[in-house]
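Here the structure is laid out as structure tokens; the discussion comes afterwards.
The values are calculated or read from the model by the stated rules, or taken from the named source; none is laboratory data. Note that the structure is predicted; figures quoted are calculated from it, not measured. In this analysis, Cβ positions are derived from the backbone assuming ideal geometry, glycine residues included, and neighbour counts consider all displayed protein chains.
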Ligand code: TYD
């Protein structure tokens, strides 16, 4: 496979969308063929599966895990692999780690969740997973919280730690980036991590992200 597959992971509200947009703009300007996509919902079928997952009522945890896996199987087979085989760069919002962290960890379904996703994707492993890391609502645990607020805050801490634990298992394939900084600072670190990983994969070099400037404005 001649392309490059980079995934963004992290808790809710860490700025994935903004950083994905920045990276895509940067790499497009550098002449790369870019596909930006996401799970769940990166294909037409995926949009329907996403609606099924998020329909508002109760979804049994195993059914939910299988809906994410079904979305992933179709997405990887019909969109991501073809783009990679054509030599493109795929920038993806969430992948298997989200299932491991949210369904496997938070919902208590364990290691089987990862096995199901690996089967679903025929073991497609990203070249790089960028974990955008941020203390979730740091100040909130210090305040008086009602039970629901406290549970939500504690849940977010568990999610954050689970992503960090995944990254620590395979440091060469992960970049943990402090997302509690300016958009420019985070983008510069993301570009550097992607450039390093692309070079390791034998792809042509990528220019650095200009910090503090509009990326492609005239000087
Ligand atoms: P989304 O609206 O895309 O939000 P975000 O900007 O946080 O990515 O919703 C994705 C939600 O789906 C997010 O809360 C995490 C969850 N999710 C899982 O629980 N398992 C998965 O495998 C994936 C891909 C997402």
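Out of everything in the range 78-109 that is without any contact (Cβ under 8 Å) to a residue 40 or more places away in the chain and away from the ligand (no atom under 13 Å from the Cβ), what residue ends up being nearest to residue 2 (Cα to Cα)? Among those that are without any contact (Cβ under 8 Å) to a residue 40 or more places away in the chain and away from the ligand (no atom under 13 Å from the Cβ), it is 82.
Looking at the structure I just gave you, is residue 114 modelled with pLDDT of 95 or more, surrounded by 13 or more Cβ atoms within 10 Å (Cβ to Cβ) and within 19 Å of the chain's Cα centre (by Cα)? Write out each step before concluding.
Values: modelled with pLDDT of 95 or more: yes; surrounded by 13 or more Cβ atoms within 10 Å (Cβ to Cβ): yes; within 19 Å of the chain's Cα centre (by Cα): yes.
When the stated conditions are applied, residue 114 passes them.
Can you say whether residue 152 is part of a helix (DSSP H, G or I) and either within 16 Å of the ligand (Cβ to nearest atom) or crowded, with 18+ Cβ neighbours inside 10 Å (or both), as far as the supplied structure shows? Answer is yes for this residue.
Criterion first (under 27 Å from residue 82 (Cβ atoms), in contact with a strand residue (DSSP E or B) (Cβ under 6 Å, 6 or more places away or on another chain), assigned to a strand (DSSP E or B) and at pLDDT 95 or above) does residue 176 satisfy it? Against the criterion (under 27 Å from residue 82 (Cβ atoms), in contact with a strand residue (DSSP E or B) (Cβ under 6 Å, 6 or more places away or on another chain), assigned to a strand (DSSP E or B) and at pLDDT 95 or above), residue 176 does not qualify.
Against the definition (in contact with a helix residue (DSSP H, G or I) (Cβ under 6 Å, 6 or more places away or on another chain), in contact (Cβ under 8 Å) with a residue 40 or more places away in the chain and assigned to a helix (DSSP H, G or I)), how does residue 113 come out, yes or no?
Values: in contact with a helix residue (DSSP H, G or I) (Cβ under 6 Å, 6 or more places away or on another chain): yes; in contact (Cβ under 8 Å) with a residue 40 or more places away in the chain: yes; assigned to a helix (DSSP H, G or I): yes.
When the stated conditions are applied, residue 113 passes them.
Filtering 18, 37, 43 for residues that are at pLDDT 95 or above and more than 19 Å from residue 122 (Cα to Cα) leaves a single hit, 18.
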